C-alpha cells in the first residue's frame, strides 16, 4: 500500500508542480519584458485563471471521482468521460465570447487602469479563447489518474509545462511577440497535455469507455457534488486575489499589487504541492471506499496527513529562510518598494500554509468518501466565507499586514469547522 500511495502522490505532485512552474515562468519572463506593470497586469488577471480552473476541476475531478467509486462498485461507467469533456467545453463558451468581444471590459472590472488595460488586452483575449482546452484538461488528467495511469497524467502535465516554458522564451524574445507571446505559449500548453494523455485513452490498458450520449444535468449535479470542493479550492484563489487586489490598491497602489503578484505566484507552487497530494490520495481512497475497505481508508488518510505536515514544515522553513532570494527572481527592476512589501508579505502569508495544506487534503478526502457535508463546508469557508470578512477586518485593524495575516486566520477557522464536522460524522 505504501509503495502505491507514494507512487500516486509523487506523480500527482510532480504533475501539479509542472502546472505551477509554467505560471512562475510566465511571471519571470513577463517581469523581464514588462517590469512591475507586467506583474501588476498578470496578478489582476489571476482570478480569470482561477475561474477557468475552478469550473474545469469541478467537472473533471468530480466526474473522475464519481467514476472511480462507481467503477469499484462495478457499475456502468462508459458515459462518464464523454459527459465530463462535453460539459467542460460547454461551460467554456461564455469565456471564449468574452475574449473575442470584451477583454477590455473584463480588465477594467478587475481593477486595471487605462495603461494596464492596454498592456493586458491581447494577453487576456488569447487566454479566454483557449478556455475549452484549460477546462477540459482536468478531465483528461483526472480520468487517467483514476484509471491506474498516474504516470501518464504526470508526464502529460510536465510535457505541457515544459512546452510553455520553452515557448514563453521563444515567442517573447526571439520572435519578439512580447506579452502576447507569453499568452500564446500558455494557451497551447494544455493542448500538449491533452495530446499526451490521449496516448493512454487509445492504448490497450485503458479501462475508460467512450460512449456519446445526451447530456444529463442530473449526472452533472451528481459528479459536481464530489467536485465542488475542487471548484471552491480553485475559486478561493480567484476570490482571495480579487479581494486582496482591491484592498492593496487602496493602500499602496500598483506597486503593492505587483508585490502581491510575486507572493501569489509563489503561493501557487505551495498550492500545487498540496493539490497534488490531495489528487494523488483521492483515487486510492475512492477505490477502497467503494469496496468497503474502511481500515485501508483510515490508514491512507493517516499517512497522507503525516506527509502533509512534513511538507508544511518544509515550505515554512523555505519561505522564511530564502525570502529575499525568492522575491529577487521576479524583481528584475530591483524595486525597493516592491521588495519591502513582498518581504513582509511573503513571510506572513505563508504562515497560512500551516493549516491550508491540511484543509486541502481533508476536503479532497471527504469528497473521495462521498461525505459532502464537511467537504462543502470546508470549501465554502476557504473560498469566501472566512477569507473575505477576515481580510476586511484585519486590514482595517492592521493595514497591509492584516491583509497578509487574513489567509492564516481564515485557514484556522476552516480547520476548526472541518474538525468539528468530521467528529460528528466519523468514518465507520
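Each reported figure results from applying straightforward, stated rules to the coordinates on display, with no laboratory input. Remember, it's a predicted structure, so these values are computed and weren't measured experimentally. Positions of Cβ are backbone-derived with ideal geometry, glycine not excepted, and every protein chain shown enters the neighbour counts.
Side notes on the structure shown:
- On Cα atoms only, tilt of 114-129 relative to the major axis of the chain in degrees: 20
- Pairs of alpha carbons in segment 69-123 separated by more than 16 Å make up 60% of all such pairs.
- Helix 2-72 and the longest principal axis of the C-alpha atoms of the chain enclose an angle of approximately 10°.
- Gain on full stretching of the segment that runs from residue 393 to residue 328 - 0.36 nm per residue minus C-alpha separation: 20.3 nm
- In terms of its alpha-carbon gyration tensor, segment 154-297 comes out oblate; a/c meets the 1.5 threshold, while b/c is at least as large as a/b.
- Degrees between helix 254-290 axis and first principal axis of the chain (Cα, 0 to 90, nearest 10): 0
- Percentage, to the nearest whole number, of Cα pairs in segment 2-423 over 35 Å apart: 23
- Separation of alpha-carbon centers, segment 279-352 and segment 128-169, rounded to whole Å: 21
- Where labels lie 7 Å past Cα in the beta-carbon direction, separation of residue 217 and residue 191 in nm: 3.4
- Taking every DSSP helix (H) stretch of at least 4 residues in the chain, weighting each as -39,500 (n - 2.57) and dividing the sum by the residue count yields a mean residue ellipticity at 222 nm of -29500 deg cm²/dmol.
- Taking other Cβ atoms within 10 Å as a rough exposure proxy, 234, 333, 287 sort from fewest to most as 333, 287, 234.
- Span from the segment 171-231 Cα centroid across to the segment 80-110 one, whole angstrom: 14
- Extended-chain gain in nm, criterion 0.36 nm per residue less alpha-carbon gap, residue 100 and residue 306: 69.5 nm
- Fewest-first ranking of 226, 316, using other Cβ atoms within 10 Å as the exposure measure: 316, 226
- For 210, 353, 91, order by how many other beta-carbon atoms lie within 10 Å, fewest first: 210, 91, 353
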